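S.K.: Below is a structure I'd like to ask you about.
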Amino acid sequence: MRPSSPSPRLARLACLALFALAAACARAPVSGGPGLAGAGALDVVIENGRLVDGSGNPWTRRDIGIRGDRIVAVVAPGGLRGASARTRIDAGDRIVAPGFIDIQSHSWDALLWQDGRVVSKVTQGVTSEILGEANTPAPSNANVEALEDVASMPPARAAMQPAFRGARGFGAWLDAMDRHPKSVNVGSYLGATTVRAYAMGQAPGEAGPAQLDTMRRVVADAMRDGAFGISTALIYPPGSFAGTRELTEMARAMAPFHGALISHMRSEDDSLFEAMDEVFRIAGEGGVRLDIYHLKASNRRNWPKSAGAVAKIDSARRAGLDVGATMYPYPFSGNNLGECFPDWAAENGKLFDNLRNADSRARLVREMADPDGAPLCQREGPKAYMIADFRKPEHAKYEGKYLSDIATDLRLPWPEAIIELILREGRDLSKINFTMSEENVQAQLKWPWVVIGTDAGGVDPDSATSVVHPRAYGTYPRILGRYVREQRLFPLEEAVRRMTWAVATRLGVRDRGLIREGMFADVVVFDDRSIIDLATPDRPHQLSRGVEHVLVNGVAVLRDGRHTGATPGRTLRPSR
């Protein structure tokens, strides 16, 4: 029998009851539900902020609830007002965003055994750092230990190296960083130079069948242990000795593990396009995705190539190759002074022997100064390079000075001055290269497949003595302040995406880089109206302004702009 319909009066009463119940639920203190992962107090509530969630979507007003190391609530404003919380952060209309993921970090010692607070990174909003360009300390053997110059390391660091030997050495290194107190998360690519050194030492030449087998095994083991992929730096010996076939075999060995190739290419100047073609081929034939480190056209004569480089990436993407690039927002780069030497000088680890030998030294000087030779440092000349990281007291006066001025003081031609400085120091030095175009930086930053990385290590301004590239202090605030707020190159939400979820996607990390319920609580709160970088080449040790709070795994490492000393960082591995 068909049931009778309720009377209109009963229907109205039922609706009123439902509305009343809904209103009561909205007013009730929040103590459970799927968004809060069950009943209980929250550890942190962030309220009154504008949420830029990392996806690229426009900002919204949301309050955030954190329990333990996870985000458990993302709700409308006031939705957590009645919730019990140990800590409340009033964002005061600031931006609340995922913590920034630095895809190209060099905080090697800090995150393994030294000061893991990495102050210059945390004060930018960085919550995760990814190591691995060219070299990694693991896996290690006698060849790698010679490359890493373990014999000259401080005893405490040298004592750690034996644990990184053998098939599971890469995982042992990640585990060692996991145990070390640090304020940020850390993961790493596998250095392709390390793979080659493991199999061939520092010898030039093509890898043979047995050596290729060793390389494939090293790659597979590291991928199983948590490498994000393989990283190359093909302008630095002995990594520059690797041929296209060898690198393609490495890529094929990591393809089953869904790793990525990230490459400092063989050239960023005269042979830029040819270098791009090579890495496109390696990634395509190897069956892996590709990222190009710090995309640039270096040396004035190559600046017009920037647009062509962008077009080549866009064309490769249209053809089906998953390729992107990283950038730092400065028109000057940084690397080692020894990059001014031709590759042959370092064959078989004989650099210092060649610097001391009269015949090879004469050849070096001739090639370094040859205006028609391979591009070394002669294209821009000694006025384009600022030299740093001197450690001998008698050279302190040269710290942060230009090569031209140092050569004048030494009364030597600049190629001779480079040789003398490295010989006298007994080690390589660093340099800042003023060889890029600001116009190109701006044009390249606009492309959506560009993500942001510092190409720098973390520094503490209270103890730092050497000149460093300003990117160690200012990369992310410079993007948000100079290029977003002042120059309006792209929206704030797009900038945050390229520092967070876009990076996590390239890495294959699925539980960081977004403000979503269930994600790890890596969070930054910054003032988009005042954030800016302050570091310059002449005064690099200047903390950026505008980042107010940083949480890593739910723990405050920056509070009201000051480092708390907390070290909740963990080792990251890809989500496979």
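The values are calculated or read from the model by the stated rules, or taken from the named source; none is laboratory data. Only a predicted model underlies this, so the values are computations on that prediction, with no experimental measurement involved. As a convention, Cβ positions derive from the backbone with ideal geometry for all residues, glycine included, and neighbour counts pool all protein chains shown. The protein model used for the area step is the full one, side chains on, heavy atoms only, and it has no ligands, DNA or RNA in it. Shrake-Rupley method; radii C 1.70, N 1.55, O 1.52, S 1.80 Å.
S.K.: Which aspartates and glutamates does residue 392 reach when only Cα atoms under 15 Å apart count, and residues fewer than 8 places away in its own chain are ignored?
M.R.: In chain and number order, the partners are 420, 425, 428.
S.K.: Separate question: Largest first, please: the extent of the C-alpha atoms of region 372-482 along each principal axis, to the nearest Å.
M.R.: 47, 43, 19
S.K.: Taking one equal scatterer on every alpha-carbon of region 431-535, how large is log10 of I(q)/I(0) by Debye at q = 0.21, 0.22, 0.23 1/Å?
M.R.: One equal scatterer on each Cα of region 431-535 leads to -1.30, -1.36, -1.40.
S.K.: To the nearest 0.05, how large is the calculated FRET efficiency for residue 391 and residue 285 if R₀ is 30 Å and r is the Cβ-Cβ distance?
M.R.: About 0.10, to the nearest 0.05.
S.K.: Taking amide H positions as placed 1.01 Å from N in the peptide plane, with prolines and chain starts having none, which residues 5 or more places from residue 334, or on another chain, fall under 5 Å of its amide H?
M.R.: For residue 334, whose amide H was placed from the backbone, the distant partners under 5 Å are 433.
S.K.: For the chain, what percent of Cα pairs sit more than 30 Å apart?
M.R.: Summing the P(r) tail past 30 Å for the chain gives 54 percent.
S.K.: How large is ³J(HN,Hα), in whole Hz, for each residue of region 175-184 in order, when computed from phi with the Karplus curve 6.51 cos²θ - 1.76 cosθ + 1.60 and θ = phi - 60°, using x for Gly and Pro?
M.R.: Running phi through 6.51 cos²θ - 1.76 cosθ + 1.60 with θ = phi - 60° gives 5, 5, 5, 5, 6, 6, x, 7, 8, 10 Hz.
S.K.: Compute the length gained on full extension between residue 424 and residue 271: take 0.36 nm times their separation in residues and subtract their Cα-Cα distance, giving the result in nm to one decimal.
M.R.: Values: separation 153, 0.36 × 153 = 55.08 nm, distance 3.29 nm.
Extending this stretch completely gives an extra 51.8 nm.
S.K.: Turning to a different aspect of this structure: Extending each Cα 7 Å along its Cβ direction at residue 488 and residue 60, get the distance between those two points in nm, one decimal.
M.R.: Simple spin-label model gives 2.6 nm for this pair.
S.K.: Can you give the accessible area per residue of region 60-113, in Å², using a 1.4 Å probe?
M.R.: Numbers: 1970 Å² over 54 residues.
Per-residue value: 37 Å².
S.K.: A further question on this structure: May I ask you to compute the full-extension gain from residue 358 to residue 505, defined as 0.36 nm times their residue separation minus their alpha-carbon distance, rounded to one decimal in nm?
M.R.: Going from the current span to full extension adds 47.7 nm.
S.K.: If you don't mind, another one. Would you list which lysines come within 25 Å of residue 182, measuring only between C-alpha atoms, while excluding same-chain residues fewer than 8 positions from it?
M.R.: Straight-line reach from residue 182, under 25 Å: 121.
S.K.: For the chain, give the magnitude of the charge dipole about the Cα centre (Cβ charges: +1 Lys/Arg, -1 Asp/Glu; no others), in debye to the nearest 20.
M.R.: 2360
S.K.: Around residue 74, with a cut-off of 9 angstrom between Cβ atoms, what is the net charge of the other residues, counting Lys and Arg +1 and Asp and Glu -1?
M.R.: Once positives and negatives cancel, what remains is -1.
S.K.: In addition: Which of the trypsin sites (Lys or Arg not before Pro) found in region 453-561 are loop residues per DSSP with 10 or fewer other Cβ atoms within 10 Å of their Cβ?
M.R.: Passing both the DSSP loop test and the Cβ count: 488.
S.K.: Then there is this: Along its principal axes, what span do the Cα atoms of region 510-576 show, with the longest given first and each in whole Å?
M.R.: Projected onto the principal axes, the Cα atoms of region 510-576 cover 44, 23, 21 Å.
S.K.: Just the number please: accessible area per residue for region 511-576, 1.4 Å probe, all protein chains included, in Å².
M.R.: 41
S.K.: Right, something else. For region 148-214, what mean projected area does the convex hull of the alpha carbons give, in nm²? Spell out each step's value before the answer.
M.R.: Working: hull surface 22.9 nm².
Average of the hull's projected areas for region 148-214 equals 5.7 nm².
S.K.: So, R0 is 25 Å and r is the distance between the beta-carbons of residue 374 and residue 443; what FRET efficiency does that work out to, to 0.05?
M.R.: 0.35
S.K.: In the chain, carbon and sulfur make up what percent of the accessible area (probe 1.4 Å)?
M.R.: 52
S.K.: Same structure again: Around residue 42, under 14 Å between beta carbons, what's the net of Lys plus Arg minus Asp minus Glu among the other residues?
M.R.: 0
S.K.: Work through the residues other than residue 509 whose Cβ is under 11 Å from its Cβ and net out their charges, Lys, Arg +1 and Asp, Glu -1.
M.R.: +3
S.K.: Could you compute the FRET efficiency for residue 307 and residue 463, with r as their C-beta to C-beta distance and R0 at 30 Å, rounded to 0.05?
M.R.: 0.10
S.K.: Can you run phi through the Karplus equation (6.51, -1.76, 1.60; θ = phi - 60°) for region 247-264 and list ³J(HN,Hα) in whole Hz, with x for Gly and Pro?
M.R.: Result, rounded to whole Hz: 5, 5, 5, 4, 4, 5, 5, 8, 4, x, 9, 6, x, 10, 9, 10, 9, 7.
S.K.: For residue 62, what residues show an amide H to amide H distance below 5 Å, using hydrogens built from the backbone and excluding near sequence neighbours?
M.R.: So residue 62 has HN proximity to 49, 51.
S.K.: Next question. Where Rh denotes the Kirkwood radius from the mean inverse Cα pair distance, what is Rg over Rh for region 103-202?
M.R.: That ratio is 0.97, to two decimals.
S.K.: Please name whichever of 355, 501, 308 sits farthest to the positive end of the charge dipole of the chain, dipole taken about the Cα centre and charges placed at Cβ: Lys and Arg +1, Asp and Glu -1.
M.R.: Of the candidates, 501 comes out farthest on the positive side.
S.K.: At q = 0.17 Å⁻¹, what log₁₀ I(q)/I(0) does a Debye calculation on the Cα points of region 327-412 give, no solvent, two decimals?
M.R.: For region 327-412, the Cα-only Debye profile gives -0.87.
S.K.: Given a 1.4 Å probe, how much area per residue of region 289-414 is accessible, in Å²?
M.R.: On a per-residue basis, region 289-414 sits at 46 Å².
S.K.: If the only charges are +1 at each Lys and Arg Cβ and -1 at each Asp and Glu Cβ, what is the size of the charge dipole of region 357-493 around the Cα centre, to the nearest 20 debye? Please report the intermediate quantities before stating the final value.
M.R.: On the way: 19 positive and 21 negative charges, 34 e Å.
With Lys and Arg at +1 and Asp and Glu at -1, about 160 debye.
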